[in-house]
1. Quick one, can you get me the convex hull of the C-alpha atoms of segment 151-293 expressed as volume per residue in Å³?
2. Counting only other residues whose beta carbon sits under 14 Å from that of Leu391, what net charge do I get with K and R as +1, D and E as -1?
3. Could you give the C-alpha radius of gyration of segment 4-128 expressed as a fraction of 2.2 N^0.38 Å, taking N as the number of residues it contains?
4. Under a cut-off of 18 Å between alpha-carbon atoms, report the aspartates and glutamates in cross-link reach of Lys408, not counting same-chain residues fewer than 8 places apart.
5. When the scattering of segment 46-204 is computed by the Debye formula from its Cα atoms alone, each counted once and equally, what is log10 I(q)/I(0) at q = 0.12, 0.15 Å⁻¹?
6. Give, in nm to one decimal, the length gained when the segment between Arg5 and Glu325 is fully stretched (0.36 nm per residue of separation minus the Cα-Cα distance).
7. Fewest to most neighbouring Cβ within 10 Å: what's the order for Arg418, Arg10, Arg182?
8. Out of every Cα-Cα pair in segment 286-402, what percent are more than 23 Å apart?
Amino acid sequence: MDLSRLLQARVVAVIGASERPQSAGARVVDALLRSGVEVLPVNPRRKTVMGIECTPSISGLPGDVDLAVVTLPAERAAAEAVAAAEHGIPFVIPVAGGFSEKGAAGQRLQDEMVARVRRAGSRLLGPNTIGLWVPDGGPDTIFVEHEVDLLSREGCVAFLSQSGSVGVESLGAAAPFGYRLRAFVSLGNKADLDECDFLDHFREDAGCGCLALYIESFKDGRRFLNAARQTALRKPIIALKAGRTEGGAGAVSSHTGALSGSHEVVCGAFAQNGILQVTDDLALLDGAKALALAPAARGGRTAVLTPAGGYGVMAADTIESTAGELSLARLSDATRERIRASSLEIASVDNPVDLTASIHDDMILSALESLLADEGVDLVLCMAFLAPPGLTDELVAQLARSVRGSPKPVVLVGMHGRRTVELCRRLTEAGCAAFPSLRQAIEAARLLVRRGRWLARTAAAEVQPRCEPGGS
């Protein structure tokens, strides 16, 4: 189905709009105003909200409203959601909890609400959701504190989360190091719209380079796997499936009222259908960033490029500890000669390639070019440290040009003392997969290898190109 009027809503009604501090009605209005959409507050008890004239009831709204956000408690929210649908508003988001996650009575209330919204020809996101946020010109309905300023407006990653808090807190942790968010959708109870609908949408979205999913349960596992496989053939999907233990599965039921499936069955089905799995929230977003910004690796033969020998040693140890998923590439004689010719005499031109702290920009760029040209190298792990005095700030843009122009993936470790966060953010915004630690970078590299091997197994004929800066 067409979700464009939801994800790019320009006119949004807020039912239960308020100026009461810390209320959902006030926070949603404030978030929407910041996102630049037209806000229509609905509240029979107020004449204005935040300087905008209020409409007393849904029946008084104009006919061009794209989305209604309902910020009322469950019983009232259900009635107002139905009224919004019957008024012709195509998408409705009731943010309240108190539905299926609260037992049989809540389930009945939820089922009746959805049935009536659907009969009216509208669709519903949630309930028990914080809604969605599309940084590049779309709405922001999130009523909890969330990072806004540090997330790039030229986004690649579509993040679908069954938990609103997992979504906003994970993004908040990732944002300072650079994160290019295409859209964030809090699925909530998934009473109507679910991950399959959004997989279908973002599969066709040229600005989306990767989908990240936090999932606790499935409404229709077969439909999900079919939608996921079709998407994975064109762009990567990475998922964190929660509820894999007995205790976790019980928590899923109390969170959304849904049942969690067998972990072993889920793992097998995910692997078969191209869904890459991780086990924590930050690995989910790190992996999605790498998969969106770098091509899949054709194999695990890894070249390490560093100005710091100790990090080269640690990288070698970590690579050799991946049970064969990654391995240290054997560099050709020609590659070593090219690197030696453009480096200092004290540099080590074996893998890991240690250019030493006396390098300058041209040396690291020339060595990177040589490694990428080596047929025995599948991917490059590049330590982009700016501490050596010969390296300059110009290196960021120069590295980005080399990385974005390469058919082989380059994963960067960006370190620069107190400026590490800034360096990673600059590299990410320039279109590079950059991380502040060796561990994060190598885990991201492993996902690129898994992606490449799945594509090779399925003989996918065409993979959508990775997201480029400024492109949508």
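1. Working: hull volume 13.4 nm³, N = 143.
It comes to 94 Å³ per residue, whole-number rounded.
2. Numbers: positive: Arg419, Arg426; negative: Asp361, Asp362, Asp393, Glu394.
Neighbourhood net charge equals -2.
3. Details: Rg = 13.6 Å, N = 125, 2.2 N^0.38 = 13.8 Å.
So the Cα radius of gyration is 0.99 times the expected 2.2 N^0.38 Å.
4. Filter leaves Glu325, Glu369, Asp374, Glu375, Asp378, Glu443, Glu462, Glu468.
5. -0.55, -0.84
6. Once the chain is fully extended between Arg5 and Glu325, it gains 110.9 nm.
7. Working: Arg418 6, Arg10 15, Arg182 26.
Ranked by crowding around the Cβ, least crowded first: Arg418, Arg10, Arg182.
8. On the way: 1746 of 6786 pairs.
Tail of the P(r) past 23 Å holds 26 percent of the pairs.
Values quoted throughout were computed directly from the atomic coordinates according to the rules given, and no laboratory measurement underlies them. As the structure is a computational prediction, the values presented were derived from the model and not from experiment. Virtual Cβ from ideal backbone geometry, glycine too; neighbours counted across all protein chains shown.
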